[in-house]
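Working notes for the structure below.
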Amino acid sequence: MKFYNNLYMTRFCERRKNKLCRRLKVGKGPVTIFVIVLAEGSDLLEIYHASFLKQSYYKKQELMVMGIAETHSRAVGLCTKIILDLYQDTGDFQIHSYCNGKFRD
């Protein structure tokens, strides 16, 4: 699991950023958190409940986390912000090429 350098987070999650990231990486993510990740093979974002990341399938995947929110509706709001920021910076919606090299472990 890798995290975007400028990780998008709600205010609630920002105060707990280091703890949340650490717990998500080791598979002990809190049950009330939603994670926004880059979809593989397309310029889309996916929202996962943190409890899904405990499954063996997700533990084997190299997830690229763009944002963290405490509710699904706030995760949708963060997705909107990510897409708007992307469009303002580049003029298009090619998120994979924009984010290339901007992730850390």
message: I'd like to verify a number: residues in segment 36-64 that are aliphatic (A, V, I, L, M) and out of contact with any Leu (no Cβ under 7 Å at 6 or more places or on another chain), how many?
response: 3
- request: Considering only segment 15-27, state which residues are within 27 Å of Leu84 (Cβ to Cβ) and part of a loop (DSSP other than H, G, I, E, B).
  value: Arg15, Arg16
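None of the figures in this text is laboratory data; all of them are computed from the coordinates on show. Since we're looking at a predicted model, the values are computed, not measured. Don't worry about glycine lacking a Cβ; one is built from the backbone with ideal geometry, like all the others, and counts go over all protein chains shown.
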